[in-house]
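Peer 1: Got a structure here, written out as structure tokens. Questions coming.
The values are calculated or read from the model by the stated rules, or taken from the named source; none is laboratory data. Treat the numbers as computed from the prediction; the structure is a model and nothing was measured. No Cβ is skipped: glycine too gets one built from the backbone with ideal geometry, and neighbour counts run over all protein chains shown. All accessible areas refer to the heavy atoms of the entire protein, side chains included, with ligands and DNA or RNA removed. Shrake-Rupley method; radii C 1.70, N 1.55, O 1.52, S 1.80 Å.
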Amino acid sequence: MNNNTKKQIGIIVNTLRGDPACILKHIDKILKKYDIEAIIIYYDISSYINIKKATKELKDVSMLISIGGDGTLLSALKIAIKYDISVLPIYNGTLGFISEIPPEEAYLILEEYCEGKKTLYEIENRTLLSVNIYSTEKNTSKEYLAVNELVLSKCDGRAIYINIIISGKLISSIVGDGVVIATPTGSTAYALSAGGPILSPNIDAISFVPIAPHSLTFRPLVIPKEDTIELELTEKSLKAMVTIDGYDICQFKNHDKIKAKISNKSCYIFQSANRLFYDILRNKLNWGR
């Protein structure tokens, strides 16, 4: 960013939940105090087209603020990853495992950030999943980054047959509705609903979770950083669907391949210095109540 221009902060808003107008009013007051310009994205960025549009508009910001729930934060992170900047998640949704900071606390954190201080918050590195999809029909390869998870699932009512290859070795062939490969951040999302383990955000590992497997003996796995997971359909399955962070990416056909591993890149999220990950789990999952 040009040092002669006014400092900018981007804001992603979910206008359908809570009272974002009140939160925006407080943020605007703080930013004006420090002569910082707010670039606000009011439109829905839950589609790749709108994410690309917002990414261009936010090319000069020093950080992002997301106002909403985890879905809003995930969309904001897609933009933040491109520019290697951090996201301050202000919780204003229905469920917040990663967007856990309430507005009143977020205002204090934002004040500290603007003043160049760092006592109320930490910026946490989050593991990303690198996904390569190889199409044999088109002879192409595309790479994607997942904040939460990669899902390979059935397209219709029939179960799919999937070969699981880890670090070049065929581990098993499973039959079921599909599989979820999740980052630690995504371990509290779809992977958790499918029966997977919760991973602490500071663990360099990914979880592999079968979706409704026909064999009860196939259990979720935790895969270390060094290993690569490959997925392919067996001859008994013709097609499946690839979904990344809730976005349908493409149909996956027989003889196509997916390779997934921990990326060298990370994303960065503001976290309250006063709240541990385990406090969030206890509150959200009602442990001991």
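Peer 1: Strictly over 28 Å apart at the Cα level, which of Lys138/Lys225; Lys236/Lys259; Lys25/Lys265 would you flag in this model?
Peer 2: Over 28 Å apart, Cα to Cα: Lys138/Lys225; Lys25/Lys265.
Peer 1: Please identify, among Ile49, Ile166, Ile249, the residue showing maximal mean-square fluctuation in a Gaussian network model of the chain using a 10 angstrom Cα cutoff.
Peer 2: Among Ile49, Ile166, Ile249, the largest GNM mean-square fluctuation belongs to Ile49.
Peer 1: Related question: Which residue fluctuates most in the GNM of the chain (Cα springs below 10 Å): Ile40, Ile162, Ile90?
Peer 2: Its mean-square fluctuation being the largest, the pick is Ile40.
Peer 1: Also: Of the heavy-atom accessible surface of region 1-158 (probe 1.4 angstrom), what whole percent is carbon and sulfur?
Peer 2: 50 percent
Peer 1: Starting from the residue with the highest accessible area, list Cys22, Cys114 in decreasing order, probe 1.4 Å.
Peer 2: Largest accessible area first, the list is Cys22, Cys114.
Peer 1: Give me, ordered by chain and number, the residues 5 or more places off Ile223 or on other chains with an amide H under 5 Å from its own placed amide H.
Peer 2: Answer set, sorted by chain and number: Ile206, Ser207, Phe208.
Peer 1: While we're here: From the phi of every residue in region 136-153, what ³J(HN,Hα) in whole Hz does the Karplus formula 6.51 cos²θ - 1.76 cosθ + 1.60 yield, where θ is phi - 60° and glycine or proline is x?
Peer 2: Computed from phi, the couplings for region 136-153 are 6, 5, 9, 6, 10, 9, 10, 10, 10, 10, 10, 7, 9, 6, 10, 10, 10, 9 Hz.
Peer 1: Given the DSSP H assignment, sum -39500 (n - 2.57) over each helix run of at least 4 residues in the chain and divide by its residue total; what's the result at 222 nm in deg cm²/dmol, nearest 500?
Peer 2: Helix contribution divided over all residues of the chain: -6500 deg cm²/dmol.
Peer 1: With the cut-off at 29 Å, tell me which of the pairs Lys82/Lys239; Lys78/Lys154; Lys29/Lys117; Lys253/Lys284 have Cα atoms farther apart than that. Intermediate results must be reported in sequence, preceding the final value.
Peer 2: Values: Lys82/Lys239 31 Å; Lys78/Lys154 26 Å; Lys29/Lys117 19 Å; Lys253/Lys284 38 Å.
Beyond 29 Å between Cα atoms: Lys82/Lys239; Lys253/Lys284.
Peer 1: Per the Kirkwood definition applied to all pairs of different Cα atoms, how many angstroms is the hydrodynamic radius of region 131-289?
Peer 2: 16.4 Å is the Kirkwood radius here.
Peer 1: Note the direction-averaged projected area, equal to a quarter of the hull surface, for the Cα convex hull of region 17-113, in nm².
Peer 2: 5.8 nm²
Peer 1: Let me ask another. What accessible area per residue, rounded to a whole number of Å², is obtained for the chain using a probe radius of 1.4 Å?
Peer 2: Here the residues of the chain average 50 Å² of exposed surface.
Peer 1: Give a residue-ordered list of calculated ³J(HN,Hα) values for region 205-219 (Karplus: 6.51 cos²θ - 1.76 cosθ + 1.60, θ = phi - 60°; whole Hz; x for Gly, Pro).
Peer 2: 7, 10, 9, 10, 10, x, 9, 6, x, 6, 10, 6, 7, 8, 10
Peer 1: Output wanted: per-residue J couplings in Hz (rounded whole) for region 229-236, from phi through Karplus 6.51 cos²θ - 1.76 cosθ + 1.60, θ = phi - 60°, x for Gly and Pro.
Peer 2: 9, 10, 10, 8, 7, 7, 5, 7
Peer 1: Limiting things to C-alpha atoms, what are the Rg and the maximum Cα-Cα separation (Dmax) for the chain, in angstroms?
Peer 2: 20.2, 63
Peer 1: Hey, could you grab the Kirkwood Rh for region 72-176? Inverse mean 1/r over distinct alpha carbon pairs, Å, one decimal.
Peer 2: 17.7 Å
Peer 1: By average Cβ neighbour count within 10 Å, what is the ranking of 117-123, 254-260 from highest down?
Peer 2: Result, highest mean first: 254-260, 117-123.
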